[in-house]
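Colleague: What follows is a structure written as structure tokens; I'll ask about it next.
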Amino acid sequence: QVQLVESGGGLVQAGDSLRLSCAASGRAFSDYAMGWFRQAPGKEREFVARIGWSGTNYADSVKGRFTISRDNAKNTVYLQMNSLKPADTAVYYCAADKTNWPPRYRANDYDYWGQGTQVTVSS
């Protein structure tokens, strides 16, 4: 069992940066692939980024602007978001996947979820 708690969301202007954090508790954090998803009002939850044994993967919409990283000693995964756009406005969720390979991008494939943190980008 893994518990996930996100933090770092907020209200920013277009072009600003934010760093989201996701603190995990439970066993064997380093064994999990970790992902970030987001969900805007009226839309389905969508993949943003993933980090696992095979490296990192990004959605095309955030590639070059967002960076996912993890610190296994701190049981924490991060999402550095630069050059934010109004289209990035959503609730951002951290998720853990027990399967490292192959990389997976569907929300239903992930085993544990945080409660989400709101990111709002004004124009």
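Colleague: Sort out which residues of the range 1-23 are over 13 Å from M81 (Cα atoms) and in contact with a Phe, Trp or Tyr (Cβ under 8 Å, 6 or more places away or on another chain), and write them in order of number.
Modeller: Listed by number, the residues that qualify are Q1, V2, Q3, L4, E6, C22.
Colleague: Ok, one more. Of the residues T120, T76, which is under 14 Å from L18 (Cβ atoms) and in contact with a strand residue (DSSP E or B) (Cβ under 7 Å, 6 or more places away or on another chain)?
Modeller: Unique residue meeting the criteria: T120.
Colleague: Oh, and also: Here's a check for you: in the range 107-123, which residue that is loosely packed, with under 12 Cβ neighbours inside 10 Å and either within 12 Å of the chain's Cα centre (by Cα) or touching a residue at least 60 places away in the same chain (Cβ under 8 Å) (or both) is nearest to F47 (Cα to Cα)?
Modeller: Among them, the one singled out is Q115.
Colleague: For the range 70-103, enumerate the residues that are open to solvent by 30 Å² or more (accessible area, probe 1.4 Å) and either on the phi > 0 side of the Ramachandran plot or acidic (D, E) (or both).
Modeller: Of everything in the range 70-103, those that are open to solvent by 30 Å² or more (accessible area, probe 1.4 Å) and either on the phi > 0 side of the Ramachandran plot or acidic (D, E) (or both) turn out to be D71, N75, S83.
Colleague: When you check Y105 against the structure, is it more than 13 Å from V119 (Cα to Cα) and not aliphatic (A, V, I, L, M), yes or no?
Modeller: In short, yes.
Colleague: Just to be sure, is V77 in contact with a Gly (Cβ under 8 Å, 6 or more places away or on another chain), of a type in the set (V, I, T) and under 30 Å from S123 (Cα atoms)?
Modeller: No; evaluated as a whole, the condition is false for this residue.
Residues checked against (1) of a type in the set (G, A, S); (2) open to solvent by less than 10 Å² (accessible area, probe 1.4 Å):
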residue	(1), (2)
A59	yes, no
R65	no, no
I68	no, yes
Y105	no, no
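The values are calculated or read from the model by the stated rules, or taken from the named source; none is laboratory data. Every value quoted in this text rests on a predicted model; they were computed, and no experiment measured them. We place every Cβ from the backbone using ideal geometry, glycine too, and count neighbours over all the protein chains shown. SASA here: full protein model, heavy atoms, side chains in, ligands and nucleic acids out. Shrake-Rupley method; radii C 1.70, N 1.55, O 1.52, S 1.80 Å.
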